Amino acid sequence: MTFLTVCLNPTLQKTLVFETLEAGEVNRAREERLDASGKGVNVTRVLHQLGEQVVHLTHAGGRERPLFEELCREDGLALEIVPCEAPLRTCTTLLDRSRGTTTELIEPTRAVEPGLEARLLNRFRELLPAAGVVVISGSAAPGYRDDLFARMIAEARGAGCLVVADFRGEPLKLALANDPAQRPQVIKPNLQEFAATFFSGQQALISEHATDDATLDRAREVMGDLARSGVRVVLTRGVNPVLFLDDEGMLREAPAIPLEPVNTIGCGDAFTAGFAATLAREEDFALAIEAGHAAAAMNAVLLKPGSIRESSLDR
């Protein structure tokens with residue numbers, strides 16, 4: 001089984017570890033690392049580390065592109081990069097060991113130039129015949145149309161692929177507005193993304209960790225509507241149990257694996273990879289969720305984000 005993963009907002013991920021992080025003070029890191037990242041890159045790395053055949057499609061440009069490519073090569077990733085003019089952004093993770101907190105600093109994404117979308121879609125079409133599973137993760141950079149993911153998914157379904165979608169907002173709504181045979185079979189947002197996409201009013205502003213009955217009732221209602229349209233939902237909630245509907249339409253919870261995390265960045269992407277790899281082989285939803293939890297737990301105990309093992313070449 002060959003996986004084709006798509007990421008249209010790649011990044012460089014800087015991770016800094018502090019004993020204590022104090023706002024307004026000079027803070028000296030005790031440890032640092034730099035990795036290629038972006039949700040789709042993280043999914044690709046974990047799939048590769050799980051032993052799957054995977055090709056990753058993305059764009060990259062600017063003076064950081066050679067470094068991004070080098071970091072991906074060190075991880076053994078098979079890249080298909082469509083060159084662009086927009087430079088890569090850098091996101092920075094600050095880990096405070098004394099408080100056990102994670103702070104994420106996210107640079108704005110530069111808009112891609114006109115014409116890139118057509119080139120990237122053409123490359124997607126060229127790669128699609130060799131794929132059995134397509135995983136599309138994360139947001140798209142400004143300059144891409146909101147319906148690009150919907151068009152990719154329609155073509156992937158037409159090619160007979162299993163499609164797992166991990167993105168949100170208008171692009172997800174447009175993908176779900178496709179004809180039933182052209183929709184993703186599975187979507188995997190977290191609760192905050194799910195609420196922002198499908199809920200209204202104050203409920204649309206809830207956190208990923210919400211556990212109140214009103215939120216869960218609304219989630220069950222939307223998940224049921226989607227299931228009846230042929231789309232199953234895996235709803236992650238951080239350390240709280242994953243929500244999904246079983247084959248009889250009953251809301252089920254799958255508890256996460258308890259642990260003391262080192263770095264939680266990329267856990268959701270590791271979950272996506274473990275889930276998709278198992279679902280493609282076993283077609284057992286509950287078993288795939290267990291595999292997702294296992295991959296997320298392995299990611300959480302490593303400093304390297306979006307990874308389930310650290311090689312000797314890691315920076």
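Of all residues in region 157-194, those satisfying the criterion of being surrounded by fewer than 20 Cβ atoms within 10 Å (Cβ to Cβ) and part of a loop (DSSP other than H, G, I, E, B) are ALA159, GLY160, ALA177, ASN178, ASP179, GLN185.
Scanning region 72-88 for residues that are in a helix (DSSP H, G or I), surrounded by fewer than 21 Cβ atoms within 10 Å (Cβ to Cβ) and not basic (Lys, Arg) turns up just one, GLU74. Scanning region 89-100 for residues that are part of a strand (DSSP E or B), farther than 24 Å from GLU70 by Cβ and of a type in the set (S, T, N, Q) yields a total of 0.
Please verify whether ALA60 is in a strand (DSSP E or B) and touching a residue at least 12 places away in the same chain (Cβ under 8 Å), treating the condition exactly as stated.
On the way: in a strand (DSSP E or B): yes; touching a residue at least 12 places away in the same chain (Cβ under 8 Å): yes.
Yes.
Filter region 225-240 down to the residues that are assigned to a helix (DSSP H, G or I), without any contact (Cβ under 8 Å) to a residue 40 or more places away in the chain and either surrounded by 15 or more Cβ atoms within 10 Å (Cβ to Cβ) or touching a helix residue (DSSP H, G or I) at 6+ places or on another chain (Cβ under 6 Å) (or both) and list them by number. Steps first, answer last, please.
First pass over region 225-240, keeping only residues assigned to a helix (DSSP H, G or I): 225-228.
Okay, now just the ones that are also without any contact (Cβ under 8 Å) to a residue 40 or more places away in the chain, so 225, 227-228.
Within region 225-240, ALA227 is the sole residue that qualifies.
Under 20 Å from GLN13 (Cα atoms), polar (S, T, N, Q) and not in a loop (DSSP other than H, G, I, E, B), is that true of THR103? Yes: the conditions hold for THR103.
Are there any pairs, at least 6 apart or on different chains, whose C-beta atoms fall under 7 Å, with the first in region 158-178 and closer than 17 Å to SER229 by Cα and the second among the charged types (D, E, K, R) and outside any helix (DSSP H, G or I), and if so, which? Partner pairs satisfying both residue conditions: VAL164/LYS188; LEU174/ASP146; LEU174/ASP147; ALA175/ARG183; LEU176/ARG183. Looking at region 297-306, is at least one residue touching a residue at least 60 places away in the same chain (Cβ under 8 Å), surrounded by 18 or more Cβ atoms within 10 Å (Cβ to Cβ), under 18 Å from PHE167 (Cα atoms) and of a type outside the set (S, T, N, Q)? Checked against the condition, which is being touching a residue at least 60 places away in the same chain (Cβ under 8 Å), surrounded by 18 or more Cβ atoms within 10 Å (Cβ to Cβ), under 18 Å from PHE167 (Cα atoms) and of a type outside the set (S, T, N, Q), region 297-306 yields at least one hit.
Considering only residues that are among the polar types (S, T, N, Q) and in contact (Cβ under 8 Å) with a residue 40 or more places away in the chain, which ones fall in region 264-296? Before the answer, list the steps.
So the first thing to find is which residues in region 264-296 are among the polar types (S, T, N, Q), and the list is 264, 272, 278.
Result: THR264, THR272.
Determine whether region 196-219 contains at least one residue that is outside any loop (DSSP other than H, G, I, E, B), modelled with pLDDT of 95 or more and in contact with a Gly (Cβ under 6 Å, 6 or more places away or on another chain). The answer is yes, given that some residue of region 196-219 is outside any loop (DSSP other than H, G, I, E, B), modelled with pLDDT of 95 or more and in contact with a Gly (Cβ under 6 Å, 6 or more places away or on another chain). Take the conditions (1) within 24 Å of GLY62 (Cβ to Cβ); (2) out of contact with any Asp or Glu (no Cβ under 8 Å at 6 or more places or on another chain); (3) surrounded by 17 or more Cβ atoms within 10 Å (Cβ to Cβ); (4) of a type in the set (Val, Ile, Thr); ILE106 misses just one of them, which is (3).
Just give me the residues in region 58-70 being surrounded by fewer than 21 Cβ atoms within 10 Å (Cβ to Cβ) and either closer than 12 Å to VAL41 by Cβ or in contact with a His (Cβ under 8 Å, 6 or more places away or on another chain) (or both), in sequence order. Matches in region 58-70: GLU69 only. Pairs linking a residue in region 241-263 that is in contact (Cβ under 8 Å) with a residue 12 or more places away in the chain to a residue that is part of a loop (DSSP other than H, G, I, E, B) and of a type in the set (Lys, Arg), with Cβ atoms under 9 Å and 6 or more positions apart or on different chains, are ASN263/LYS304.
Is it the case that VAL46 is more than 15 Å from LEU8 (Cα to Cα), of a type in the set (Val, Ile, Thr) and not in a helix (DSSP H, G or I)? So VAL46 fails the test. Could you please let me know if LEU259 is over 24 Å from LEU176 (Cβ atoms), of a type outside the set (Val, Ile, Thr) and either modelled with pLDDT of 95 or more or in contact with a helix residue (DSSP H, G or I) (Cβ under 8 Å, 6 or more places away or on another chain) (or both)? Yes; evaluated as a whole, the condition is true for this residue.
The values are calculated or read from the model by the stated rules, or taken from the named source; none is laboratory data. Values in this document were obtained by computation on a predicted structure and should not be read as measured data. Neighbour counts are summed over all protein chains in view; Cβ atoms, including those assigned to glycine, are modelled from backbone coordinates with ideal geometry.
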